[in-house]
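Laboratory data are not the source of any read-out in this text; all were calculated from the coordinates shown. Quantities reported herein were computed from a predicted structural model and do not represent experimental measurements. Heads up, the Cβs are rebuilt from the backbone with ideal geometry, glycines too, and the neighbour counts pull from every protein chain shown.
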Amino acid sequence: QNVKGRVSFEDVTFHFENSGQGVENVNFAIEPGQTVAIVGPTGAGKTTLINLLQRVQEPNEGRILIDGVDISNVTRKSLRQSVATVFQDAGLFNRSIESNIRVGREDASLGDVRDAASAASAADFIAAKSDGYETVAGERGGQLSGGERQRIAIARAMLKDSPILVLDEATSALDVETEEKVKTAIDGLRSNRTTFVIAHRLSTVRDADLVIFMDRGKVVEMGGFDELARQGGRFASLLRA
Ligand code: DUT
Ligand code: MG
């Protein structure tokens, strides 16, 4: 695969037709392997920004480049190979755990699936189930706990091995032990991948190379964590809150 994962947004503006909300004039560039943390209040445009990167929505103005290529010229299918996602609602199907991990990599062997599960700290809980990898996830993964669903989504992304990763950090509380496992799995997933994270935890924001603080569709502040903390603006007051 020749995608490296350099991403840039150039004057990107997008408005939903019905509401007129969206994102306004977004500009940033991120190097391969770096992490961008997107923060801001509800309705700020965080999910919209991420959706634009996947061509779920298309900019009205400006362009988005991956390794210098305007993604409006890239098919959604090929974009899905380059961008893996780990969302709160993990996007699980009512099929076996094995086939849920394999989504997007139907060619993978059971050995590959097992390796991905281990790397995602999911191997232990899967082994503990009487049907193991054949355990059926249920409607939208409903037969599994939140932490289990998340780790299956992480295993899926591990297996996909794409240069760009998008994750929406869960706000739902996991028990401390599971939380630790999920965090370890995500750290493993992030290494060597350009990562966009809709961040809800301070520790994640602290680790990011670039913090984008959004409000009402606009980038209000952008920079490194220390830089923004020093500026004493919106982000800094969030830290004091
Ligand atoms: N919006 C629409 N139509 C949609 C989705 C969103 O009009 O289909 C509006 C709602 C909001 C703005 O766009 O005013 C940005 O929404 P987004 O979902 O990007 O906000 P967020 O930052 O992800 O909010 P949250 O933290 O609640 O997920
Ligand atoms: Mg959102």
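Axis angle, to the nearest 10 degrees, between helix 176-190 and the longest C-alpha principal axis of the chain: 70 degrees.
With the simple spin-label model, which puts each label point 7 Å out from Cα in the Cβ direction, the GLU106 to ARG206 separation comes to 4.5 nm. For the chain, the gyration tensor built on C-alpha atoms gives a prolate shape. Its axis ratio a/c (a ≥ b ≥ c) is at least 1.5, and a/b is the larger of a/b and b/c. The aspartates and glutamates whose alpha-carbon is closer than 15 Å to the alpha-carbon of LYS218, local same-chain residues fewer than 8 away aside, are GLU10, ASP11, GLU24, GLU61. Among 200-209, 117-126, sorting by the average number of other beta carbon atoms lying within 10 angstrom of each residue, highest first, gives 117-126, 200-209. Packing, taken as the mean count of other beta carbons within 10 Å per residue, orders the peptides 77-83, 148-154 from highest to lowest as 148-154, 77-83. LYS183 label point, 7 Å along Cα→Cβ, cut-off 18 Å on backbone N: hits in the stretch 203-241? It comes to 203-209, nothing else. Only helices enter this figure: runs of n ≥ 4 DSSP H residues, each worth -39500 (n - 2.57), summed and divided by the residues of the chain, yield -10000 deg cm²/dmol at 222 nm to the nearest 500.
Cβ neighbours within 10 Å, averaged per peptide: list 14-27, 186-199 in order, most packed at the top.
186-199, 14-27
A Förster radius of 35 Å, combined with the Cβ-Cβ distance separating SER191 from ARG216, puts the computed FRET efficiency at roughly 0.55. Taking 0.36 nm per residue of separation and subtracting the Cα-Cα distance, full extension of the segment from ARG95 to THR13 would add 25.7 nm. A Förster radius of 22 Å combined with the Cβ-Cβ distance from ARG230 to VAL56 puts the calculated FRET efficiency at roughly 0.05. With both labels modelled 7 Å from their Cα along Cα-to-Cβ, the SER237 to VAL136 distance reads 5.3 nm.
Roughly how many whole Å is it from the C-alpha centroid of the stretch 183-205 to that of the stretch 1-67? After rounding, the separation between the Cα centres reads 18 Å.
For the chain, the longest principal axis of the C-alpha atoms and the axis of helix 110-119 are separated by about 60°.
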